[in-house]
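Trainee: Take this structure first; my questions come after.
The values are calculated or read from the model by the stated rules, or taken from the named source; none is laboratory data. As the structure is a prediction and not an experimental result, all values here were calculated from the model. As a convention, Cβ positions derive from the backbone with ideal geometry for all residues, glycine included, and neighbour counts pool all protein chains shown.
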Amino acid sequence: MSNQQSNRFFFNVDWITILIYIALCTVGYVNIYASVPSHNSADSSLFNFGSNYGKQLIYVIAGLVLGFSILLLDAKFFSVFSPIVYGVTVLLLIIVLIVGRNVGGNQAWISLGGGFRLQPSEFAKFGTALLLARYISSFSPKFRDLKSIAFAALIMGIPLILIMLQPDAGSALVFLAFMFPMYREGLSGYFLLIFLGMIVLFVADFLVPLQILIPIILAIGGIFVYQNKRKQKVMFSAIIVTIVAIAYLFVVRIAYEKILKQHQRTRIELILGLKMDPKGVGYNVIQSKIAIGSGQLTGRGFLQGTQTKYGYVPAQSTDFIFSTIGEEWGFVGCFVVIGLYLFLLLRLINLAERQRSTFSRVYGYCVASILFFHVFINIGMAIGIVPVIGIPLPFISYGGSSLWSFTILLFIFLKLDSNRMGFI
Amino acid sequence: MDNLFNRKYIVQGLFIVVSLILLGTLFYIQVFSDKYFLSAESNVLRKLYTFPARGVILDRNEKVLVQNEPVYDLMVIPNDVKEFDTISLCNIIGIDTARFKKSFKKALNQSRFQPSIFEKQLSVDIYQSLSEKLYRFPGFFVQSRTIRQYPDSIAGHFLGYIKEVSPTDIERSEGYYRPGDYIGKTGVEKSYETALRGKRGVVNMLYDVHNVPKGSYAEGKFDTSAVSGEQLISSLDIGIQKLGEELLKNKVGSIVAIEPATGEILAFVSSPGYDPNLMVGRQQGNNYMNLLKDPNRALNIRPIQGYYSPGSSFKPLDALIGLQEGVIDENTTFNCPGYFKVGNHVTKCEHVDGNIALRRALARSCNTYACYVFQKLLTQKKFNRNSRVAYDYWQKKVKLWGLGDTLGIDLPGERKGRLYDGAYYSKKYSKYWGYSTVISLAIGQGEMDATPLQMANIMAAIANKGYFIKPHLVKSIGKDHVIKKEYLKKNYVGVDAARFGPVIDGMEEAVNSPWGTAVASRIDGIVMCGKTGTVQNPRGKNHSVFIGFAPRDNPKIAIAVIVENAGFGGTYAAPIASYITEKYLKDSIAPNRRDRVEWMKKQVILPAPPKPKVKPKAAILDSAGKADSLKKSINSAEPKKTIDLPNIKNPTLIKHEQPAKQ
């Protein structure tokens, strides 16, 4: 690498994003350290590599090395090899279904020997993001024809279904995040609205009896039809939507009973407040809320959180790491962390928009959307407004697979961004 | 392209909105609501209590009345219990499996993670065999605490007992007591609860999710150590208390002895009593139920709850008020033809004494004399023949002596006695009533009741020549010997000290002169002043009453003795009073009287309705109007007939008339 090249390299990389990345990793390390039950003098060294926090330090350092290695690759590489990367991750998802290790009810891990194991669903995210970006950039955009929408949905759907089969509904749902880049590239806003409508109706189906819900839908549909009685086409679609909406209610009921597993049903019921179960499935959420709530405005202070110290929150260093932040750093700490994420997300969108190539832009949107989904769902479940679906908090949760996959995801985009003046 | 570029703002806007939703929710659960904070505290904090030793109660000479004895409560934390040999645990602590299940369920209901009492008050023996095997019963442990122990088994009514707190107690204490705590339920244990109970110690411990203790909360900043209860020095004298209880054994009655100068209660006997040790330990409930069933109501605290007409023992008051008001002087003489008659009302006197003066009238307990004084008091010119004003004036004077209201003894359950005001009689008899209507009050009968405590208190006031100190049971509290201020205050009875001479003379004669009613109870070397009473009892044989004080100069003891259904006051009450007085003043009873003490202890005088007692004196009493029910007499406003039996001058006579034993 010539001197000039390296200058350019350092000049063009978005250092602000890297600083936020490092800040979030640090927050993660500190809070994983705090989450280890009771520090006694023997193993409280910051560099105890047998412990979670010790391992996380290695993961973070390895992640940084990995990230900077990515920055050294040629930007064209990602676009060119995206089908292969996608293919490999899909293959891994299939392999994991056959030889995977069952951890916590999900067959999501491939053992690599020597105590290391890999979670292919994490890596499927950037594989899918790359291929989607490549596909969208390959034709002159605007999702107007059904064929392109269907193909894009297929790219997104294959890993989604494979992960569903593990079964890991939480990780699978993350793939819905790819709707945002598609939306940005011209997918009709109606898709998002329909998606939103499906969620609203799904929730309403549990909370409101059918004999009230159906008349409400009919009334809304009726008003819409009446107002558009001169526009035949709109009126027609309104009638269709109304019918589909009512049919959907029944489909949800049947699907809920026949397809979802008991523990998934319970989680949904708990979130919707249909069930109280403080000792069972709801235990995690209740303890997590207690821990976060007990932090109050300024938190109990580093290593002072009693709920954290004494192990009241299960899975605290992984899926419920946010409860440690909430308890020990209080609302102020939560505000800072959410602020960091929001800043990162907004910046990623701005970076994506300054790309000259569609591939880079779409990929940037993919990264922001996936991070957004993770942050929203993870924090949401920690404070009890989203069902418990075990997905990690990016850069903060304990675990090598998730940290590295997010690192790869992010640094590929940083590489693309640093190269934005060139051609891919 | 411009159009699609704008979608950036929609996506970014969505990110911002969702972040705000998250922050809003966080603000609610972290800052706005303290529900989660409190839940966090209850997750990790457990308060472990250490129990203070309850204060010891001593007698006036600092001999132990109540002390503490260690017992062991078997505790359980249901969550820690694993499979174990239930039968063997049941065998060791001596319960059956049904009880085991019940106790375990109760503990489980109380809390899964907090220790609850599984079985209370195991003895040292059980504890020793249990502690060897305790490791086999995970989740169970032993906590020591102390229970009360009464070395002499006396003064149950006085001391009271402690019991596990009831839900109402807990509620009333506003959270001070917790289930399993003990609280004084009656007696001194109750009235001095706050001094005796001490202060519970608290250790705030942090527990992790596996219920493993993780050290103390905030470095023990909020922990306190247990402070033992204060020691109480009671006013009681073990010696005479014990003697009193023995003397009243198998009899129904009371003894109250007061030190006049201080108001301290020296003896407080209520018979039938019970062994206070019955009210301790695992059998407390059963024992209590048995006592409740006692036909003679052993749980009644007769000295402060028993109602008796004062009878002749009221006569000194007549005389003292008369002297103070100037309606008589010490030489005033009335003629006693064997009765006192006004209008149609006739009050009988048991002896015809002819012209009789004050001293002798008291010594011989002359009804006629008392009635004349009463008549004179209520017909003073200043009342203008207004009988209600006159009566109220008299009643006010009498009330100064502590009659008709509680004295405020430091013991729960004191009753007022009975003494009506003029309004009561005006309502009852319309406007037409006068002193003659209520003449029986002159001889302490009729609509007047006093507790034994009130009677003893009157004696204390006479002994002090004009005042009494509020009678109380506790000499001092704690190591600093605190004395309540109210126990230093003199309550004056409205009679000048100079007026007491002739009355005290009369009372001295009653015990010490050949014509006195209680001469059989004279103590060699001690000048005792007193007054016998034989009190009509609507439900059976008359009650034997004696009140008095000794010695005459610088009195040390004022006493009231009531033996129910024992007849004439000189026969039972007076000798009992004399033995106690002698024992208190001389520390022992003269050898020539000891066999009489033993005889007295053996007497059985218990009311047994289906089998009326036959006693030599029964005939006299019956003829004297025992058949009249007191209630009936009140309603018909008939004058009462008070009977003081002829003096038994020969002390040996008592031996001849042993009452028939049941």
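Trainee: In this structure, is A:Phe372 under 30 Å from A:Lys76 (Cβ atoms), assigned to a helix (DSSP H, G or I) and at the interface with another protein chain (Cβ under 7 Å from one of its Cβ atoms)?
Mentor: yes
Trainee: For the stretch B:302-323, does any single residue satisfy the condition of being over 24 Å from B:Asn457 (Cα atoms) and in contact with a Leu (Cβ under 6 Å, 6 or more places away or on another chain)?
Mentor: There is no residue in the stretch B:302-323 that is over 24 Å from B:Asn457 (Cα atoms) and in contact with a Leu (Cβ under 6 Å, 6 or more places away or on another chain).
Trainee: Could we say that B:Glu69 is on the phi < 0 side of the Ramachandran plot, part of a strand (DSSP E or B) and at pLDDT 80 or above here?
Mentor: no
Trainee: What's the total number of residues in the stretch A:313-344 that are assigned to a loop (DSSP other than H, G, I, E, B) and either in contact with a Ser or Thr (Cβ under 6 Å, 6 or more places away or on another chain) or under 16 Å from A:Pro394 (Cβ atoms) (or both)?
Mentor: Residues in the stretch A:313-344 being assigned to a loop (DSSP other than H, G, I, E, B) and either in contact with a Ser or Thr (Cβ under 6 Å, 6 or more places away or on another chain) or under 16 Å from A:Pro394 (Cβ atoms) (or both): 6 in total.
Trainee: Another one. Here's a check for you: in the stretch A:348-360, which residue that is more than 10 Å from chain B (Cβ to nearest Cβ) and assigned to a helix (DSSP H, G or I) is nearest to A:Phe395 (Cα to Cα)?
Mentor: Selected residue: A:Leu351.
Trainee: Let me ask another. Test B:Gly160 against the criterion of being under 26 Å from the mean Cα position of the chain (by Cα), touching a residue at least 12 places away in the same chain (Cβ under 8 Å) and not assigned by TED's automatic domain parsing to the domain that holds B:Val256, and give yes or no.
Mentor: yes
Trainee: Going through the stretch B:153-198 one residue at a time, which ones are exposed (fewer than 14 other Cβ atoms within 10 Å of the Cβ) and charged (D, E, K, R)?
Mentor: B:Glu171, B:Arg172, B:Glu174, B:Arg178
Trainee: Which of the numbered conditions does A:Leu303 fail, given that it passes all the others? Conditions: (1) closer than 27 Å to B:Pro213 by Cβ; (2) touching a Gly at 6+ places or on another chain (Cβ under 6 Å); (3) more than 7 Å from chain B (Cβ to nearest Cβ).
Mentor: Of (1) closer than 27 Å to B:Pro213 by Cβ; (2) touching a Gly at 6+ places or on another chain (Cβ under 6 Å); (3) more than 7 Å from chain B (Cβ to nearest Cβ), only one is false for A:Leu303: (2).
Trainee: Inspect the stretch B:339-351 for any residue being within 37 Å of the chain's Cα centre (by Cα), crowded, with 16+ Cβ neighbours inside 10 Å and aliphatic (A, V, I, L, M) and give the result as yes or no.
Mentor: For the stretch B:339-351, residues within 37 Å of the chain's Cα centre (by Cα), crowded, with 16+ Cβ neighbours inside 10 Å and aliphatic (A, V, I, L, M): absent.
Trainee: I'd like to check which helices (runs of 4 or more DSSP H) are fully inside the stretch A:129-227 and have at least 3 residues that are within 14 Å of another protein chain (Cβ to nearest Cβ).
Mentor: In the stretch A:129-227, A:179-184, A:189-207 are the helices (runs of 4 or more DSSP H) which contain 3 or more residues that are within 14 Å of another protein chain (Cβ to nearest Cβ).
Trainee: Then there's this: Name the single residue, out of those in the stretch A:309-347 being at the interface with chain B (Cβ under 10 Å from one of its Cβ atoms) and hydroxyl-bearing (Ser, Thr, Tyr), that is surrounded by the fewest Cβ atoms within 10 Å (Cβ to Cβ).
Mentor: A:Tyr310
Trainee: Here's something else I'd like to know. Please enumerate the residues belonging to the stretch B:15-62 that are closer than 25 Å to B:Lys221 by Cβ and either exposed (fewer than 14 other Cβ atoms within 10 Å of the Cβ) or of a type in the set (D, E, K, R) (or both).
Mentor: Within the stretch B:15-62, B:Asp34, B:Lys35, B:Leu38, B:Glu41, B:Ser42, B:Arg46, B:Lys47 qualify.
Trainee: In this structure, does A:Ala169 turn out to be of a type in the set (Gly, Ala, Ser) and modelled with pLDDT of 85 or more?
Mentor: No: the conditions fail for A:Ala169.
Trainee: Let me ask something else about it. Tell me, which residue of the stretch B:7-55 that is part of a loop (DSSP other than H, G, I, E, B) and either without any contact (Cβ under 8 Å) to a residue 60 or more places away in the chain or of a type in the set (Gly, Ala, Ser) (or both) is farthest from the other protein chains (Cβ to nearest Cβ)?
Mentor: Out of the qualifying residues, it is B:Gly55.
Trainee: Of all residues in the stretch B:56-94, count the ones that are within 40 Å of the chain's Cα centre (by Cα), farther than 16 Å from B:Ala107 by Cβ and in contact (Cβ under 8 Å) with a residue 40 or more places away in the chain.
Mentor: 18
Trainee: Sticking with this one: Of the numbered conditions (1) of a type in the set (A, V, I, L, M, F, W, C); (2) under 30 Å from A:Val386 (Cα atoms); (3) touching a residue at least 40 places away in the same chain (Cβ under 8 Å), A:Met164 fails exactly one; give the number of that condition.
Mentor: (3)
Trainee: Can you go through B:Lys190, B:Lys199, B:Lys185 and tell me which one is within 20 Å of B:Gly478 (Cα to Cα), basic (Lys, Arg) and within 14 Å of the chain's Cα centre (by Cα)?
Mentor: B:Lys190
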